[in-house]
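Each remark here refers to the structure printed beneath this line.
The values are calculated or read from the model by the stated rules, or taken from the named source; none is laboratory data. These numbers come from a predicted model, not from an experiment. Reconstructed Cβ throughout: ideal geometry from the backbone, glycine too, with neighbour counts over all protein chains shown.
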Amino acid sequence: MAGHVIVVDTHALLWWALDPEKLSETARRWTADMERHGGFASAISIWELGIKVRRGKLELPISIEELARRLERAHVVELLPVDTSTWLRSLSLPWDHGDPADRVIVATALIRGVPLLTKDATLHAFKEVNCVW
């Protein structure tokens, strides 16, 4: 594991940033490694969190804008834009899963060729991507 870069799923990003005790022991090791070597998250995770806040399904101690600013200033997790190649990769996944955010996050990990840090069993079941938790 040492020195490996990861893509962090939305919930793992949120927990790492604001509630790290929710991370598994393995996830804590991976995020500690990420703090030393860097990692990635899809910018769609900021959108996903913002939608949950707006719908009343998630309360944050800071605004979504402040969370995004703090993540960017920390220079640990690079928030990757969702570009055309990511959208196209997400469309080409041989996976019957309709959540566009999940598809984009998986595509991001595949494009980068790195593991995906996620607790989500649906993502773990998709064997095309290497998921860790």
Name every residue in region 16-30 that is crowded, with 21+ Cβ neighbours inside 10 Å and under 20 Å from residue 101 (Cβ atoms), in order of residue number. 16, 27
Restricting attention to region 36-71, and to residues there that are exposed (fewer than 13 other Cβ atoms within 10 Å of the Cβ) and of a type in the set (Asp, Glu), which single residue is nearest to residue 107 (Cα to Cα)? 65
Being surrounded by fewer than 17 Cβ atoms within 10 Å (Cβ to Cβ) and either of a type in the set (Ser, Thr, Tyr) or modelled with pLDDT under 95 (or both) is the filter here; which residues of region 112-126 pass it? 122
Candidate set: region 52-102, residues that are of a type in the set (Ser, Thr, Tyr) and assigned to a helix (DSSP H, G or I); chosen: the one farthest from residue 40 (Cα to Cα): 92
